[in-house]
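Working notes, beginning with the structure itself.
Values quoted throughout were computed directly from the atomic coordinates according to the rules given, and no laboratory measurement underlies them. For clarity, every value in this text was computed on a predicted model and none was experimentally measured. Don't worry about glycine lacking a Cβ; one is built from the backbone with ideal geometry, like all the others, and counts go over all protein chains shown.
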Amino acid sequence: MKEYIRNFDISMGFLSYYLKNYKYRIPLGGIGEVDYERIINLVDGHVKDKLQICEIGSWTGTSSVLFAIYARATKGKVFCVDNFKGNSNLLASAKKHDIKAILEKHLKKFKVEEYVEVLKMDSSEASLKFKSNTLDVLFIDGEHSCPGVKKDIELYWPKLKVGGIMIGHDYFHSTVKEAILEIFPNHKHERYLKGKTESSIWYIEKRR
Ligand SMILES: C[S@@+](CC[C@H](N)C(=O)[O-])C[C@H]1O[C@@H](n2cnc3c(N)ncnc32)[C@H](O)[C@@H]1O
């Protein structure tokens with residue numbers, strides 16, 4: 001409970017700062033306060049020493065910094081996997097800007113860079129770097145096509161430790177939902193509304 005409140009306060013403080021001071025004319029990755037709250041709630045249930053986290057899809061780092069706050073708190077590590085080519089509404093910005101440099105600036109700004117390793121490559125290539133049963137938390141927010149989401153889930157699920165959690169974004173994106181329903185019909189998505197915004201976080205815990 002203590003850990004929950006501490007990480008919650010630090011993280012929400014970061015998010016409001018981040019959004020107020022975001023000066024780039026580049027669309028954000030779509031993670032806002034409601035998703036933050038859901039992620040914090042889920043990760044708090046899995047906090048342990050040296051938390052090993054892998055995020056697929058970092059963009060300019062809204063979610064990366066949140067995970068890095070957990071890595072700093074537990075002396076663990078976050079692997080940020082992104083080819084920085086963007087997708088859907090991010091494609092044009094990815095061509096114009098050095099997104100990786102912006103992500104790294106944000107990690108430095110929040111003094112979490114030493115807990116993060118950025119892997120600039122395709123998620124399938126990056127998956128080869130992880131041994132089976134080594135990650136505590138996996139966050140899926142890369143490709144959003146049905147085959148793309150399925151590929152990420154299938155490649156990374158074996159990397160998760162038993163007792164670990166896979167969390168994903170964009171539950172209401174039809175192709176994302178289609179992939180999750182196909183692979184994990186028993187996944188979870190609790191309705192969580194704040195004002196008119198609903199959290200689009202889904203998750204599944206690895207039981208065995
Ligand atoms: C929606 S954005 C991620 C947003 C981020 N989680 C945030 O909080 O701002 C999706 C990201 O996935 C990356 N991506 C898409 N397909 C990928 C792939 N096959 N391998 C690695 N990264 C990929 C894109 O470059 C983009 O940065």
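Listed values, structure above:
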| quantity | calculated |
| --- | --- |
| Helical segments meeting 30 Å axial Cα length and Kyte-Doolittle 1.6 threshold in the chain (DSSP H) | none |
| Gyration tensor verdict on the range 29-68 (Cα atoms; rounded if a/c is under 1.5, prolate if a/b is larger than b/c, oblate otherwise) | oblate |
| Around D122: net Lys/Arg minus Asp/Glu count, Cβ-Cβ under 11 Å | -1 |
| For the chain: rounded, prolate or oblate by the Cα gyration tensor [a/c cutoff 1.5] | rounded |
| Centre separation in Å (Cα based) which lies between the range 158-190 and the range 108-148 | 16 Å |
| Helical contribution to [θ] at 222 nm, DSSP H n ≥ 4, -39,500 (n - 2.57), averaged over the chain, rounded to 500 | -13000 deg cm²/dmol |
| GNM result for the chain, Cα springs below 10 Å: residue of G195, G148, G86 fluctuating most strongly | G195 |
| Sparse-neighbourhood loop sites, chymotrypsin sites (Phe, Trp or Tyr not before Pro) in the range 118-208 - DSSP loop, at most 12 other Cβ within 10 angstrom | F172 |
| Under 17 Å from the Cα of K120 - aspartates and glutamates, other chains or at least 8 residues apart | E55, D82, D98, E104, D141, E143, D152 |
| For the range 1-95: relative contact order, % (alpha-carbon pairs under 8 angstrom, 6 or more apart) | 29 percent |
| Local electrostatic count at K206 - Lys and Arg +1, Asp and Glu -1, tallied over other residues with Cβ under 11 Å | +2 |
| The chain, relative contact order in percent, only Cα pairs under 8 angstrom and at least six apart counted | 20 percent |
| Qualifying trypsin sites (Lys or Arg not before Pro) in the range 121-198, DSSP loop, other Cβ atoms within 10 Å at most 11 | K131, R191, K196 |
| The range 86-208: radius of gyration over Cα atoms, expressed as a fraction of 2.2 N^0.38 Å | 1.14 |
